[in-house]
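Colleague: Dropping a structure here in C-alpha cells format, bear with me for questions.
The values are calculated or read from the model by the stated rules, or taken from the named source; none is laboratory data. Computed from a prediction, not measured in an experiment: that's the story for all the values here. No Cβ is skipped: glycine too gets one built from the backbone with ideal geometry, and neighbour counts run over all protein chains shown. What goes into the accessible areas is simple: the full protein's heavy atoms, side chains included, and nothing from ligands, DNA or RNA. Shrake-Rupley method; radii C 1.70, N 1.55, O 1.52, S 1.80 Å.
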Amino acid sequence: MPGGPVASGPGIGANAPKNKFAGILMTSFAAFGGILYGYDTGVISGIKVMCDWLETFGKHDPSRFAGACANTSGADYGISSSTESLVVSILSAGTFFGALLGAPIADYIGRKWGIVLACLVFSAGVAMQTGSTAIALFVVGRVFAGLGVGIISTLIPMYQSECAPKWIRGAVISAYQWAITIGLLLAAIVNNTTQHCPNHSAWRIPIAMQFIWAAVLSLGMMFFPESPRWLIKHGRDADAAKALSRLTSLNAHNPEVETELADIRANLKAEEQIGEHSYANCFRSGPNKITLCTWTGIILQAWQQLTGINFIFYYGTTFFQNSGISDAFLINVATNVINVGMTLSGMWGVERFGRRRLLLIGAIGMTICEFLVAIVGVTVSVDNTAGQKVLIAFVCIYIAFFASTWGPIAWVVVGEIYPLAVRAKAMSLATASTWLWNFGISYATPYMVNSGPGNADLSVKVFFVWGSTCACCILFTYFFIPEMKGLSLEQVDILYQNTTPRRSVQYRKQLVAEDVHALDLQGEKHGAVYEHSDDKV
C-alpha cells in the first residue's frame, strides 16, 4: 500500500498484555490531581461558616450579613453576600486563566512536567491562604491556587487520554473525576473534624492539608513517562518508542509499538498538511470538523457546570442549615460519600454502555430529581422532619446520577474528541469553559438563594433553574455527543470526519469490526468506509 504498511490486528489497545498493568497504573496515578481540584473546591464550603474564620475575616453585626456565627465570648460575626461570592468564586477566576495557560505549557514544556509546574503554583497559593489573617491575602492565595488547579485540569485528562490503552481509556480518564469526588469527601471529613477548634487551626489545618496532595502528585509524575504523542509531535521518535514501551509493557521494537507510533505519525502528518494550528484554527471549518469538536467540548463542559452540582458542593452546608437540618456538616459528608461511591459505577459503565448512552440517562435522571427537590422544597415546611428527609433523599439520588454519568464522562469526551495538532489548545478552551461557568455560578448563587436586600431569595426554588438546565443537557447530548467507546484517538478523528453524532453508534461498530486506522486513509483497503460510510451504515 502506498504511504507505508497497513495497520492490522486489533491494535495496541487490544493486543497489549492486559495482565501487565504498568501503563494503566501510571495513567491512573495522574488522576490524583483530581484530589487537588476536589479538595480545594470542597474545603471552602465548610471553612466559610466556621466561627474562627468568620471572626478573623468577617465583621460584627450579623443583621447585615448572609452568614453569622457566635464566638466563645458571645460576639456575632458574619460576611456579606459580596464577600462570600468573592471568596468562593475567585478560585474559579484563577482556574479559568490557568486552563488557558495549560495549552502553551502542554505544547512547550510537555504534559508531564507541566503537571509538576502546576503543583508548585498551587502550593504557593495554599501557603498564602494558610498564613493570611486579612481577606485580601486570602483571596490572592485563592487566585494562585486556582491557577494551579486550572493548569492541572487541562493537562491531566490530556495526559491520560494520550497514554492510556484504548480498551480502558474511558475508565482511566473517569478516575480523574473519581479523584475529584475523593477530594470533596476528604474536605468534608477534615472540615467536620476541625470545625470546633477554638483557634485558627480550625480552618488552617484543612487548607494546609493541600500541601500533601500537591507533593504526592508532583513527586509521582517525575518518575512517569512523557506522552508518546507529545514526543512524536516534537520529533523525538526514539523517546516516544521508549515511553510507549513502558506504557504497554512491550519491547520498544515490538511490531505493535511500531504500528502504534506509525499510526500517530500518519495522523499528525495529515493534520499538519492542513496548515499551522493556532487558537483561530480551532474554529475553522474543514474535513476533520475541528470547529464542531471545539464547540462540543466547550458547551459540554458548560452544561456540566449548569447541572447545579456545584451548588451542592460550594453551598451545600449553608443550604442544609437553612433547610432546617440540624447537622449540616454531617449531611455534607454523606452526600460526598455517595458522590465517591457512584463515580465508581460510572468508571465501570463508561466502557460497558458507552459515553453517549450514559450521558442521556444521567441528564434525564438529574432533570427529574432537580424538579422533585424544588417541588418538595416549596411545599414542605423546614420544620417538617419527614419532608426534609425526602428533600435530602432526592438530593442524594441527583448526586448519584451526576456522579455516575456527567461527572466523569464529560471529562472522558473532552479528552477524546480533539485531533492531536490542536488537542492542547482545544482542551484548554473546554476546561476554561468549565471554570468560566463555575465562576459565574459560584459568584451568582449567594445572590440567587440568600435573603435580604439585593438578593433574589430563591432558596430551594433555585432547583427549578437547575432542573431546566438539565433538560437542556438531554437535547445537547442527543444532537452533539458521538459514541467513541473502544476507539483509538486516531479512530475518533476518522469517526468525526465520516458520520454524525446521531449515527455514530453504528459507525463506531463498523470502525471496530474493520479495524480501520489512520494509515488506511493512504490506501484503498478501506476506501468504501470513507466514501460511502453513511450509506453502508
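Colleague: If you plug each phi of the stretch 155-169 into the Karplus form 6.51 cos²θ - 1.76 cosθ + 1.60 with θ = phi - 60°, what whole-Hz ³J(HN,Hα) values come out, in order, with x for Gly and Pro?
Modeller: 6, 5, x, 5, 4, 5, 5, 7, 10, 7, x, 5, 6, 9, 4
Colleague: Across bins of 10 angstrom width beginning at 0, how are the C-alpha pair distances of the stretch 344-461 distributed, in whole percent?
Modeller: With a bin width of 10 Å, the distribution comes to 12, 28, 34, 19, 6, 1.
Colleague: Applying the Karplus parametrisation 6.51 cos²θ - 1.76 cosθ + 1.60 with θ = phi - 60° to the phi angles of the stretch 441-453, what ³J(HN,Hα) value in whole Hz is obtained for each residue in order, glycine and proline being reported as x?
Modeller: Going residue by residue, I get 5, 5, 6, 7, 4, x, 5, 6, 9, 6, 9, x, x Hz, with x marking Gly and Pro.
Colleague: May I pose another question? Take the Cβ-Cβ distance between Ala386 and Ile299 as r, set R0 to 45 Å, and report the resulting FRET efficiency rounded to the nearest 0.05.
Modeller: Working: r = 40 Å, r/R0 = 0.89.
Approximately 0.65, to the nearest 0.05.
Colleague: Additional query: How large is ³J(HN,Hα), in whole Hz, for each residue of the stretch 144-149 in order, when computed from phi with the Karplus curve 6.51 cos²θ - 1.76 cosθ + 1.60 and θ = phi - 60°, using x for Gly and Pro?
Modeller: Karplus-based 3J(HN,Hα) across the stretch 144-149 equals 5, 4, x, 4, x, 5 Hz.
Colleague: In terms of modelled amide H atoms, which long-range or inter-chain residues lie less than 5 Å from the amide H of Gly286?
Modeller: Thr291
Colleague: Please label the shape of the stretch 111-197 as rounded, prolate or oblate, based on the square roots a ≥ b ≥ c of the eigenvalues of the alpha-carbon gyration tensor (a/c under 1.5 means rounded; beyond that, a/b larger than b/c means prolate, else oblate).
Modeller: oblate
Colleague: Could you tell me the relative contact order of the stretch 364-419? Use alpha-carbon pairs under 8 Å, at least six residues apart, and round to a whole percent.
Modeller: Contact order relative to length: 38 percent.
Colleague: At 7 Å along Cα-to-Cβ for each site, give me the label-to-label distance between Asp515 and Phe97 in nm.
Modeller: 5.1
Colleague: Multiply the residue separation of Ser285 and Arg502 by 0.36 nm, subtract the distance between their alpha-carbon atoms, and state the gained length in nm to one decimal.
Modeller: 76.1 nm
Colleague: Per residue, how much accessible area does the stretch 456-517 have with a 1.4 Å probe, in Å²?
Modeller: For the stretch 456-517, the solvent-accessible area averages 36 Å² per residue.
Colleague: On to the next question. Sort 448-458, 367-377 by packing, meaning the average of other beta carbons within 10 Å per residue, with the highest value first.
Modeller: 367-377, 448-458
Colleague: Once you put a point 7 Å from the Cα of Phe211 and another 7 Å from the Cα of Leu120, both along the Cβ direction, what distance in nm separates them?
Modeller: About 1.8 nm, to one decimal.
Colleague: Next question, about the same structure. Which value, in Å² rounded to 10, gives the accessible area of Lys485 with a 1.4 Å probe and all protein chains present?
Modeller: Roll a 1.4 Å probe over it and Lys485 shows about 50 Å².
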